[in-house]
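Trainee: Shown below is the structure under consideration.
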Amino acid sequence: MPKGTSWQKSSFSGNGVGNECLEIGTPPTDGMLRLRESDDPGMVLRAKPPALSALLLAIKAGRLPR
C-alpha cells in the first residue's frame, strides 16, 4: 500500500466500540481509491474512481444479483 494513504471512515458507521465500518483511502500518487473494512485493515480493494462509481450506482439501483 502506498505510503501517505489517508483513510476516512464511512458516515454510516457508528462511533461506538466494536462498530465495524468501511473506510476509503486516497493515496497521493496513483489515482486509485482503496476500500477496507476497519476490522480487517490488511485486506484492501483498489478501484479507479469511475469503476467504483459504477459499482455503487448498480448497487443502489438493485442491478446486481443477490
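Trainee: Considering only residues of the range 1-20 that are open to solvent by less than 60 Å² (accessible area, probe 1.4 Å) and within 14 Å of GLY42 (Cα to Cα), which is modelled with the lowest pLDDT?
Mentor: Looking at residues that are open to solvent by less than 60 Å² (accessible area, probe 1.4 Å) and within 14 Å of GLY42 (Cα to Cα), I get PRO2.
Trainee: Out of the range 31-49, which residues are surrounded by fewer than 12 Cβ atoms within 10 Å (Cβ to Cβ) and touching a Pro at 6+ places or on another chain (Cβ under 8 Å)?
Mentor: Hit for the range 31-49 is GLY31, nothing else.
Trainee: Same structure again: Could you please let me know if LEU52 is open to solvent by less than 100 Å² (accessible area, probe 1.4 Å) and under 20 Å from LYS9 (Cα atoms)?
Mentor: Working: open to solvent by less than 100 Å² (accessible area, probe 1.4 Å): yes; under 20 Å from LYS9 (Cα atoms): yes.
Here the answer is yes, as LEU52 does meet what is asked.
The values are calculated or read from the model by the stated rules, or taken from the named source; none is laboratory data. Please read all numbers here as calculations on a predicted model, not as lab measurements. Quick reminder, even Gly has a Cβ in these numbers, built from the backbone with ideal geometry, and neighbours come from all protein chains shown. Note: accessible area is taken over every heavy atom of the protein model, side chains too, but ligands, DNA and RNA are not part of it. Shrake-Rupley method; radii C 1.70, N 1.55, O 1.52, S 1.80 Å.
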